[in-house]
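Working notes, structure below.
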Amino acid sequence: MNNLAQTMKKIWNTLPYRLAHFGVSGEREMLLKRFEILLTDKIDVTGKTIIDYGCGGGLLGLHLLSKFKIKRYIAYDISERSIERAKAELKEFGNTEFNLVPIPHSWDFKSKAPDIIACFACIIHFPTHLYLNNFMQECNKSNAKYLVFEIRDNGHGTLFQKKPYSSKDSVIHACYTTAKDIAGMLENYELIDETELSQVECKTLTFRKKRDRITT
């Protein structure tokens with residue numbers, strides 16, 4: 001798994017900016033519109049601490065920090081290049097934190113006390129079922145009130161490439177998964193919304209922490 005993670009890091013540090021979600025070549029406005037529809041239209045983000053997993057160029061942070069009075073924006077990415085780009089994009093804001101995902105992977109989201117964990121345009125590139133499961137288990141015990149995940153759902157369960165991250169091409173469409181798959185990994189959460197994004201062949205899932213699972 002560590003060798004795979006090192007390969008992931010190398011590829012995401014060298015992919016073209018468009019594929020790394022840096023918001024170039026007209027993609028910026030499209031990404032910002034998706035964030036507005038999928039997060040801020042459905043959840044009140046005012047005063048909230050938000051984790052952005054797979055931050056890319058920091059465009060979700062820019063959207064939240066410039067338009068809404070959020071408490072804190074916490075970014076994660078496996079790519080040093082992405083973290084540096086996000087820092088530069090958000091340098092005028094003080095309530096930010098940037099984290100390079102360590103290898104071997106460890107997240108400990110709960111220690112950040114998030115209200116919301118968002119993962120846009122990232123789960124679709126997870127390379128193995130183990131990676132997906134480990135990530136979901138961290139989210140499951142995070143105690144965040146909401147989880148918002150963008151997935152690529154082909155209706156046939158989870159399908160991973162036989163040789164994940166063997167080349168730059170293999171990061172595209174690496175992970176297909178269904179809402180049922182994700183919900184099955186999140187016993188502390190209930191699915192409250194599914195939104196189709198036909199233009200990018202994706203679906204966004206919004207989960208809310210179950211009332212009897214909330215801890216202080």
Find the relative contact order for the range 1-130 and round it to a whole percent, using C-alpha pairs within less than 8 Å whose residues are 6+ positions apart.
-> 27 percent
Please give the per residue accessible area of the chain, computed with a probe of 1.4 Å over protein heavy atoms only, in Å².
-> 47 Å²
Considering the alpha-carbon set of the range 102-156 alone, what are its Rg and its Dmax in angstrom?
-> 11.7, 35
Within the chain, percent of DSSP bridges classed antiparallel, to nearest 5 = 50 percent
Compute the length gained on full extension between Glu97 and Arg28: take 0.36 nm times their separation in residues and subtract their Cα-Cα distance, giving the result in nm to one decimal.
-> 22.7 nm
For the range 28-94, state which GluC sites (Glu not before Pro) are in a DSSP loop and have at most 13 other beta carbons lying within 10 Å of their beta carbon.
-> Glu92
Using only alpha carbon positions, build the gyration tensor of the range 1-107, then give the equivalent ellipsoid semi-axes as the square roots of 5 times its eigenvalues, largest first, whole angstrom.
-> 24, 16, 12
Sketch the reach of a paramagnetic label on Ser111 as a point 7 Å from Cα along Cα-to-Cβ, and name the residues of the range 50-88 whose backbone nitrogen lies under 17 Å away.
-> 51-52, 74-77
State the label only: which of (i) 16.0, 46; (ii) 19.2, 63; (iii) 25.0, 71 corresponds to Rg and Dmax of the Cα atoms in Å computed from the shown model?
-> (i)
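The values are calculated or read from the model by the stated rules, or taken from the named source; none is laboratory data. This one's a predicted model, so the numbers in the text were calculated from it and none came from an experiment. Virtual Cβ from ideal backbone geometry, glycine too; neighbours counted across all protein chains shown. These area figures cover heavy atoms from the full protein model, side chains too; ligands, DNA and RNA do not enter into them. Shrake-Rupley method; radii C 1.70, N 1.55, O 1.52, S 1.80 Å.
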